[in-house]
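> Please see the structure below; I have some questions.
The values are calculated or read from the model by the stated rules, or taken from the named source; none is laboratory data. The structure displayed is predicted, hence computed values, not measured ones. Neighbour counts run over all protein chains shown; Cβ positions are idealised from the backbone, glycine included.
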Amino acid sequence: MKNYIAFPRIEGRTSRQAHANLPAGTYERELGKEGFFGPATHMYHRNPPTGWVDWEGPLRPRAFDLNKLIGDQASPWDAPAILSNPHVALRFWRVPQKMADLARNADGDEIVFVHAGDGDLYCDYGHLAIRAGDYVMLPRGTMWRIDSKTPMTALLIEATNGSYQLPDKGLVGPHAIFDPAMLDVPAIDEAFLGQQDAKTWRVQIKRSGAISTVTFPYNPLDAVGWKGDLAPVRINVADIRPLMSHRYHLPPSAHTTFVGSRFVVCTFCPRPFESGADALKVPFFHNNDDYDEVLFYHAGDFFSRDNIKPGMVTFHPCGFTHGPHPKALKNALTPAKPATDEYAVMVDARDALQVGDLAEGIEWAGYVDSWKSPGK
Ligand SMILES: [Fe+2]
């Protein structure tokens, strides 16, 4: 960690242990740097830190219902951009039944997160059967296409001009959360060899956002073998075994799945709620002061957010405090059920994200008011 000026002090009424044993009648807020890894203060407030009654100006929390995006896109490069900055770009893609052309991203590694549907991915390295909940990390430059069996939608997360890595698992070691041996790679199998034909194939290559189309008189996915330590990898969210503590609400950084340059991809999976009597059971209020936060809701019932359903995405720009919605807050010490039932993909970006040019009606304009208690 950088050599910050460190001077832990206690002023007034506080807890000495973050996220536990809060002074009676208070709401805890974490003010933190470096995405939950840097200097932080826990502040104990009389009122919920999300109790605003009015909001003016552009820096407001946003929510978008991507289910309302209609029509599929023949190429992933035509999928609408949701949020982007120079280091990461998120697109939402309604995959066609059969991609007519191959795709190749020369701008960076790409994660294809399959939100719905199943099918087959063919790439330079072979064949992977893919299904909902799969993260498929395609190294920059990989040629690929998808044949979907059932209607497929995917969140595309481009590591612009960068590469994906696995996070440092620190104290819990490399086999926690998921064992790297769980990563699947494409196979040179019968399905792959069977698709190698002498038809004309086109490859749509994206570089600096511009598309070039290259035509081959045969299928260029014609490998008969490969060796090496560079290949697409796949892990399904069902194979992620989340870290938790029964006595301490872990920060979102405990759920980091992939690391890019100046952004991270985290996965929230079903897990039991904390059981310690004095431990918080909901996310603590926080301002994550170095990061813009994006959450894509994949499946389940999102316990800390009201009126959010699978296929929606929320955007919390750096600069405002957020935390549980009022309904979840009521259950902060006594949850209504024993475990969470949610899968969500979080992207935290170090640099300000820009919202794409999205179709009208996609945004939930009232999201900024969603922290108001019912009746207010
Ligand atoms: Fe957050």
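> Can you confirm whether Ala231 is surrounded by 14 or more Cβ atoms within 10 Å (Cβ to Cβ), closer than 21 Å to Met137 by Cβ, of a type outside the set (Asp, Glu) and in contact with a strand residue (DSSP E or B) (Cβ under 6 Å, 6 or more places away or on another chain)?
no
> Any residue at all in the range 294-302 that is buried (at least 18 other Cβ atoms within 10 Å of the Cβ), acidic (Asp, Glu), more than 24 Å from Ala106 (Cα to Cα) and more than 16 Å from the ligand (Cβ to nearest atom)?
First, the residues of the range 294-302 that are buried (at least 18 other Cβ atoms within 10 Å of the Cβ): 294-299, 302.
Going one step further and asking which of them are acidic (Asp, Glu), we end up with none.
Looking for residues that are buried (at least 18 other Cβ atoms within 10 Å of the Cβ), acidic (Asp, Glu), more than 24 Å from Ala106 (Cα to Cα) and more than 16 Å from the ligand (Cβ to nearest atom), one finds none in the range 294-302, hence no.
> Just one of (1) under 22 Å from Tyr164 (Cα atoms); (2) within 20 Å of the chain's Cα centre (by Cα) trips up Ala103, so point out which.
The number of the failed condition is (2).
> Determine which member of the set Ala328, Ala349, Ala332 is farther than 17 Å from Met244 by Cα, in contact (Cβ under 8 Å) with a residue 40 or more places away in the chain and away from the ligand (no atom under 13 Å from the Cβ).
Values: Ala349 fails: away from the ligand (no atom under 13 Å from the Cβ); Ala332 fails: farther than 17 Å from Met244 by Cα.
On inspection, the qualifying residue turns out to be Ala328.
> Take the range 231-241 and flag every residue that is assigned to a helix (DSSP H, G or I) and of a type in the set (A, V, I, L, M, F, W, C).
Residues of the range 231-241 assigned to a helix (DSSP H, G or I): 237-239.
Result: Val237, Ala238.
> Which residue out of Met346, Met312 is modelled with pLDDT of 90 or more and either closer than 21 Å to Leu31 by Cα or over 13 Å from the mean Cα position of the chain (by Cα) (or both)?
On the way: Met312 fails: either closer than 21 Å to Leu31 by Cα or over 13 Å from the mean Cα position of the chain (by Cα) (or both).
The match here is Met346.
> Within the range 241-293, restricting attention to residues that are touching a Phe, Trp or Tyr at 6+ places or on another chain (Cβ under 8 Å) and free of Cβ contacts under 8 Å to residues at least 60 places away in the same chain, which residue is nearest to the ligand (Cβ to nearest atom)?
Glu293
> What pairs come out if I take residues in the range 304-323 that are of a type in the set (D, E, K, R) and pair them with residues that are within 14 Å of the ligand (Cβ to nearest atom) whose C-beta lies under 6 Å away, six or more apart or interchain?
Pairs that qualify, where the first residue is of a type in the set (D, E, K, R) and the partner is within 14 Å of the ligand (Cβ to nearest atom), are Arg305/His325; Asp306/His325.
> Being of a type in the set (Asp, Glu) and closer than 25 Å to Phe113 by Cβ: is that true of Glu363 here? Break it down stepwise before answering.
Numbers: of a type in the set (Asp, Glu): yes; closer than 25 Å to Phe113 by Cβ: yes.
In short, yes.
> Considering only strands (runs of 3 or more DSSP E) fully contained in the range 1-75, which possess at least 3 residues that are over 22 Å from Val313 (Cβ atoms) and not charged (D, E, K, R)? Steps first, answer last, please.
Values: elements: 27-32, 40-45, 62-65.
So the answer is 27-32, 40-45.
One line per residue, one yes/no per condition, for (1) more than 27 Å from the chain's Cα centre (by Cα); (2) not in a loop (DSSP other than H, G, I, E, B):
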{"residue": "Ala191", "(1), (2)": "yes, yes"}
{"residue": "Val203", "(1), (2)": "yes, yes"}
{"residue": "Thr215", "(1), (2)": "yes, yes"}
{"residue": "Asn219", "(1), (2)": "yes, no"}
{"residue": "Gly225", "(1), (2)": "yes, no"}
{"residue": "Asp229", "(1), (2)": "no, no"}
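> Next question. Filtering the range 353-376 down to residues that are in a loop (DSSP other than H, G, I, E, B) and under 23 Å from Trp52 (Cα atoms), which residue is farthest from the ligand (Cβ to nearest atom)?
First, pick out the residues of the range 353-376 that are in a loop (DSSP other than H, G, I, E, B): 353, 356-362, 364, 370-376.
With the extra rule that they be under 23 Å from Trp52 (Cα atoms), the set shrinks to 364, 370-376.
Values: Trp364: 18, Ser370: 15, Trp371: 13, Lys372: 19, Ser373: 20, Pro374: 22, Gly375: 26, Lys376: 22 Å.
Of everything passing the filter in the range 353-376, Gly375 is farthest from the ligand (Cβ to nearest atom).
> So which residues in the range 128-150 are surrounded by fewer than 20 Cβ atoms within 10 Å (Cβ to Cβ) and assigned to a strand (DSSP E or B), if there are any at all?
Just the residues of the range 128-150 that are surrounded by fewer than 20 Cβ atoms within 10 Å (Cβ to Cβ), to begin with: 129, 131, 139-141, 147, 149-150.
The answer is Ala129, Arg131, Asp147.
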